[in-house]
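Novice: I have a structure I would like to understand better, so I am pasting it below and will then ask my questions one at a time.
The values are calculated or read from the model by the stated rules, or taken from the named source; none is laboratory data. What you see is a predicted model; the values in this text were computed from it and never measured. Using ideal geometry, Cβ is built from the backbone for each residue, glycine included, and neighbour counts are taken over all protein chains shown. The protein model used for the area step is the full one, side chains on, heavy atoms only, and it has no ligands, DNA or RNA in it. Shrake-Rupley method; radii C 1.70, N 1.55, O 1.52, S 1.80 Å.
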Amino acid sequence: MTYIESLFSLNGKVAVVTGATRGLGRAIAEALLMAGAKVILSGSNAERLEQTAISFTEQGLPALQFQCDLSEPDKIEKLVNYVTSEHDRIDILVNGAGVTFPHKLADYPDETWRKTFQVNLDAPYQLSKRFGVMMSEQGGGSIINITSIAAEVGFPDNPAYQAAKGALKHLTRSLAVDLGSSGVRVNNIGPGYFKTDMTKGSWSDPEKREERSNRTLLGRWGVPEDLAGVVVFLASEASSYVTGQNIYVDGGWLAKGL
């Protein structure tokens, strides 16, 4: 293995990826597996979780799995206990799970607000706190939070999603400060418009699809595989001096003026 290959290698590393059964989370898990990590897939849907694990195994990328509904705090505790009891370390945590429930502000449901914050903010906090302690005790690790361009700019009819992603962006810096002295790095990846189940409404509308493509500098939507490189970078020794940062993978959306 060359020096550059060793920089990006995740051989011997243990990773937990939430929201790993579809979309961006699945692509992230696959990238970590391909880089050599042992990956524990976490998702709320048992059938989809099983199918994802089988699919990876058939590709020669055997993955572990643990069902966890992040909207239920006791399930989060069970995930932590599983990793603690079954594995002697955790090196990488990717808080990839997220939910979004667009709705007009005038009658935005309080329950929708609460569930969005539970999955998109509370769960990453609880997992980062618990696994961050484990990483500190072993001398290092990498926590990667998946935010959004919605953490930087406003979008209509989705107040909880934007507020939670904005809060997660700042939580990451707080965690980076608290954990940095122990060698634990904490960073954000902020996707722009990606073709996933979450955005199928906009993608299925030809006018919206073109409008969002034209809003980027690269003239296209992202695909989940576009996250592979930055995820492996942040998870590996290649980013050993990078913490508390926001890396936007948005095709130039935020950089574009006129």
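Novice: So which of VAL119, VAL177, VAL184 is surrounded by fewer than 18 Cβ atoms within 10 Å (Cβ to Cβ) and aliphatic (A, V, I, L, M)?
Specialist: Every option except VAL177 fails the conditions.
Novice: Among the candidates LYS169, LYS195, LYS256, single out the residue that is of a type in the set (Lys, Arg) and touching a Ser or Thr at 6+ places or on another chain (Cβ under 6 Å). Write out each step before concluding.
Specialist: On the way: LYS195 fails: touching a Ser or Thr at 6+ places or on another chain (Cβ under 6 Å); LYS256 fails: touching a Ser or Thr at 6+ places or on another chain (Cβ under 6 Å).
Result: LYS169 is the single residue among LYS169, LYS195, LYS256 that is of a type in the set (Lys, Arg) and touching a Ser or Thr at 6+ places or on another chain (Cβ under 6 Å).
Novice: Pairs please, first residue from region 51-69 and open to solvent by less than 50 Å² (accessible area, probe 1.4 Å), second anywhere and of a type in the set (Phe, Trp, Tyr) and at pLDDT 95 or above, Cβ atoms under 6 Å, 6+ apart in sequence or on different chains.
Specialist: Qualifying pairs under 6 Å: ALA63/PHE56; PHE66/TYR82.
Novice: Collect the residues in region 111-150 that are of a type in the set (A, V, I, L, M, F, W, C) and over 16 Å from the mean Cα position of the chain (by Cα), keeping them in residue-number order. Full working, then the answer.
Specialist: The initial filter retains those residues of region 111-150 that are of a type in the set (A, V, I, L, M, F, W, C), namely 113, 117, 119, 121, 123, 127, 131, 133-135, 143-144, 146, 149-150.
Selection gives TRP113, VAL133, MET134, MET135.
Novice: Right, next: Take the residues in region 204-241 that are assigned to a loop (DSSP other than H, G, I, E, B) and closer than 26 Å to LEU171 by Cβ; name whichever of them is most open to solvent (accessible area, probe 1.4 Å).
Specialist: Kept after step one, since they are assigned to a loop (DSSP other than H, G, I, E, B), are these residues of region 204-241: 205, 216-221, 223, 236, 240-241.
From the residues that got through so far, the ones that are closer than 26 Å to LEU171 by Cβ too are 236, 240-241.
Working: SER236: 2, SER240: 73, TYR241: 218 Å².
Ranking the qualifying residues of region 204-241, first place goes to TYR241.
Novice: For region 18-49, which positions are part of a helix (DSSP H, G or I), touching a strand residue (DSSP E or B) at 6+ places or on another chain (Cβ under 7 Å) and over 22 Å from GLY222 (Cβ atoms)? If you could, list the steps in order and put the result at the bottom.
Specialist: Within region 18-49, the subset part of a helix (DSSP H, G or I) is 23-34, 46-49.
Next cut, touching a strand residue (DSSP E or B) at 6+ places or on another chain (Cβ under 7 Å) only: 24-25, 28-29, 32-33, 46, 49.
Answer for region 18-49, where residues must be part of a helix (DSSP H, G or I), touching a strand residue (DSSP E or B) at 6+ places or on another chain (Cβ under 7 Å) and over 22 Å from GLY222 (Cβ atoms): ALA46, LEU49.
Novice: Kindly indicate whether any position in region 152-171 is in contact with a Pro (Cβ under 8 Å, 6 or more places away or on another chain) and on the phi > 0 side of the Ramachandran plot.
Specialist: yes
Novice: Also, I was wondering about something else. Pick out the one residue from GLY244, GLY252, GLY190 that is open to solvent by less than 20 Å² (accessible area, probe 1.4 Å), modelled with pLDDT of 95 or more and in a strand (DSSP E or B). Show your work before the answer.
Specialist: Details: GLY244 fails: in a strand (DSSP E or B); GLY252 fails: in a strand (DSSP E or B).
GLY190 is the lone residue from the list that is open to solvent by less than 20 Å² (accessible area, probe 1.4 Å), modelled with pLDDT of 95 or more and in a strand (DSSP E or B).
Novice: Here's something else I'd like to know. Take the conditions surrounded by fewer than 16 Cβ atoms within 10 Å (Cβ to Cβ) and modelled with pLDDT under 95 and apply them to PRO109. Does it pass? Lay out the reasoning, then the answer.
Specialist: Working: surrounded by fewer than 16 Cβ atoms within 10 Å (Cβ to Cβ): yes; modelled with pLDDT under 95: no.
No: the conditions fail for PRO109.
Novice: Same structure, new question: Starting from region 218-239, take each residue that is at positive phi and list its partners that are modelled with pLDDT under 95, counting only C-beta distances under 8 angstrom and pairs at least six apart or across chains.
Specialist: GLY219/SER213
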